[in-house]
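J.: I'd like to ask some things about the structure below.
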Amino acid sequence: MRSYCSVSRACWSCSRQTTGWFFCEFCQMVQPPAPQATLFDVMDCAKKFDVDNNKLSVKYKDLQRLLHPDRFSQHGEVEQDYASAQSAWVNKAYWTLQKPLSRGLYMLQLEGESIEEGEKLSDPELLMEVMEANERLGEAETDEEVRSVAEENREKLDRLCKELSDAFDKGDVSKAKEILTRMQYYSNIEDKVKERLPPS
């Protein structure tokens, strides 16, 4: 059985020193979540803003198959609890890392920073641009008009994602925080667009 990422700790069941985040490589018992692990550790990927969503999805399905609580229904209560905790941990890691905004905010958190609720940029040009996009979306009467707003908004988000990746690569946390604050505005527009358009 694969151990994925590694950490050294004593197995709660056999007491041997195990290096697996999820399973003891000696007795194969599910281990409790390791508090020192990041969500990047959970998904076995580098702590970088740019991630391969296809690989992330494959890893998620792989881990959920191995850790699904139903697989441990006939096991002891302790291992059942650990399997549930690990499965929930994997869920959190996947849903956080698969989206650029939540991934960026999590990386900001790892650097000891956060964007407080209600924190805004004093950028009149940005605020005007966002207000106009919201007005266009509110006045849009056809799916085509909504998609036009969506395409322009997606271009802005893609550009910000590239800038954010560069900021994190350079270790410029202050710049990353500024970009993420901007991204929140455009992500809000994207959410409104999804509410207006039929599922694809």
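The values are calculated or read from the model by the stated rules, or taken from the named source; none is laboratory data. In this text, all values refer to a predicted model and were calculated from it rather than measured experimentally. Every residue, glycine as well, gets a Cβ built from its backbone with ideal geometry; the counts of neighbours run over all protein chains shown.
J.: Filter segment 7-23 down to residues that are surrounded by 14 or more Cβ atoms within 10 Å (Cβ to Cβ) and closer than 23 Å to residue 46 by Cα and give me whichever is modelled with the lowest pLDDT. Even if it seems obvious, please write down each step before you answer.
T.: Step one: list which residues in segment 7-23 are surrounded by 14 or more Cβ atoms within 10 Å (Cβ to Cβ), which gives 7, 9, 11-13, 18, 20-23.
In the following step, the residues that additionally are closer than 23 Å to residue 46 by Cα were identified as 7, 9, 18, 20-23.
On the way: 7: 77, 9: 93, 18: 93, 20: 86, 21: 88, 22: 94, 23: 94.
Checking each candidate, the answer is 7.
J.: Of the residues 81, 44, 70, 62, which is touching a Cys at 6+ places or on another chain (Cβ under 6 Å) and either within 25 Å of residue 169 (Cα to Cα) or not assigned by TED's automatic domain parsing to the domain that holds residue 164 (or both)?
T.: 44
J.: Further question on the same structure: Looking at (1) in contact with a strand residue (DSSP E or B) (Cβ under 8 Å, 6 or more places away or on another chain); (2) over 30 Å from residue 29 (Cβ atoms), which is the only condition residue 82 fails?
T.: Exception for residue 82: condition (2).
J.: Please note which helices (runs of 4 or more DSSP H) are completely contained in segment 99-177 and include at least 3 residues that are small (Gly, Ala, Ser).
T.: Passing ranges, in order: 143-169.
J.: In this structure, does residue 101 turn out to be surrounded by 12 or more Cβ atoms within 10 Å (Cβ to Cβ), out of contact with any Pro (no Cβ under 6 Å at 6 or more places or on another chain) and in contact (Cβ under 8 Å) with a residue 60 or more places away in the chain?
T.: Yes: the conditions hold for residue 101.
Here's the yes/no breakdown for (1) exposed (fewer than 12 other Cβ atoms within 10 Å of the Cβ); (2) in contact (Cβ under 8 Å) with a residue 24 or more places away in the chain; (3) closer than 23 Å to residue 179 by Cα:
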site	(1), (2), (3)
96	no, yes, yes
115	no, yes, yes
133	no, yes, yes
139	yes, no, no
146	no, yes, no
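J.: Here's a check for you: in segment 61-108, which residue that is among the polar types (S, T, N, Q) and within 23 Å of residue 51 (Cα to Cα) is nearest to the chain's Cα centre (by Cα)? Let's see the steps before the verdict.
T.: Residues of segment 61-108 among the polar types (S, T, N, Q): 64, 73-74, 80, 84, 86-87, 91, 96, 98, 102.
Right, trim to within 23 Å of residue 51 (Cα to Cα) and you get 64, 86-87, 91, 96, 98, 102.
Working: 64: 16, 86: 16, 87: 15, 91: 10, 96: 2, 98: 5, 102: 5 Å.
Ranking the candidates gives 96 first.
J.: Report the residue count in segment 57-83 for those that are under 18 Å from residue 39 (Cβ atoms) and either without any contact (Cβ under 8 Å) to a residue 40 or more places away in the chain or loosely packed, with under 15 Cβ neighbours inside 10 Å (or both).
T.: 7
J.: Exactly one condition in (1) in a helix (DSSP H, G or I); (2) at pLDDT 95 or above is false for residue 50; which is it?
T.: Exception for residue 50: condition (1).
J.: Moving on. Could you identify the single residue in 165, 200 that is of a type in the set (S, T, N, Q), at pLDDT 95 or above and out of contact with any helix residue (DSSP H, G or I) (no Cβ under 7 Å at 6 or more places or on another chain)? Show your work before the answer.
T.: Numbers: 200 fails: at pLDDT 95 or above.
Answer to the check: 165.
J.: If you don't mind, there's one more thing I want to ask. In the list 166, 191, 158, which residue meets the criterion of being without any contact (Cβ under 8 Å) to a residue 12 or more places away in the chain, surrounded by 13 or more Cβ atoms within 10 Å (Cβ to Cβ) and charged (D, E, K, R)?
T.: 166
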